[in-house]
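Take a look at the structure below.
The values are calculated or read from the model by the stated rules, or taken from the named source; none is laboratory data. Note that the structure is predicted; figures quoted are calculated from it, not measured. Positions of Cβ are generated from backbone atoms using ideal geometry, with glycine treated the same way; all protein chains shown enter the neighbour counts.
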Amino acid sequence: IGHRGARALRPEHTLAAYQKAIDDGADFIEPDLVPTLDGYLVARHENEIGGTTNVSSLPQFAERKTSKVVDGVTYTGWFTEDFTLNELKQLKARERIPEIRPANAQYNDQFDLPTLDEIIELVDAHYKKTGKLWACISKPNIPAISKVSIWPWSNAYYPRWPNTPIVVTLHRSIFSRLKSAT
């Protein structure tokens, strides 16, 4: 399973990391998903992006730094749900833990933050080229997903989404939200 892509070899949750995982033989691609202000889903391990992007170095986003409580814990930084997709596309990914994965730091500021659609397109392209089907396991990973209505999980918005999606999450509040919406 390419959880976050080949995160030991490329910055996590980038198309380059997912590509590397596929090239290295992963059978599954497993992105964590977080919402944008305008309702898109992008691949990030959590909604706070100060440590995994260049957002802190961009003066146009300095005023977006804030504190939020997620599952009872206060975090300070920049949060995906405060940015539109267009704004997030101005950011570049960075290695989360360069002291453990120093080789990945050479890729800092090279890759965009991918959307769920872009990840699905990557998987589709490899299927068309090779005939091998890679599963894309999507995992909404934060309670902020509840700000996005249930429509992202419908075929109306993601026509290639399976009729019965599998949701994997570490946050009980996401299951409560999904249960009440179905």
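Data table
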quantity	calculated
Residue match in the stretch 33-49 (condition: at pLDDT 90 or above and assigned to a helix (DSSP H, G or I))	no
Test: residue in the stretch 117-125 that is within 20 Å of residue 44 (Cβ to Cβ), at pLDDT below 90 and assigned to a loop (DSSP other than H, G, I, E, B)	no
Filter result (in a strand (DSSP E or B), out of contact with any Leu (no Cβ under 8 Å at 6 or more places or on another chain) and in contact (Cβ under 8 Å) with a residue 40 or more places away in the chain) within the stretch 69-116	70, 79
Residue 71 vs. criteria at pLDDT below 90, charged (D, E, K, R) and closer than 28 Å to residue 128 by Cβ	no
Residue count for the stretch 72-101, restricted to those that are within 16 Å of residue 33 (Cα to Cα) and of a type in the set (A, V, I, L, M)	3
Output for the stretch 19-56, where each listed residue is in contact with a Cys (Cβ under 9 Å, 6 or more places away or on another chain) and either free of Cβ contacts under 8 Å to residues at least 60 places away in the same chain or closer than 13 Å to residue 118 by Cα (or both)	29, 31
Answer from 52, 66, 74, 84 - the residue that is hydroxyl-bearing (Ser, Thr, Tyr) and surrounded by 15 or more Cβ atoms within 10 Å (Cβ to Cβ)	52
Extreme residue, nearest to residue 113 (Cα to Cα), among residues of the stretch 1-18 that are hydrophobic (A, V, I, L, M, F, W, C) and modelled with pLDDT of 90 or more	15
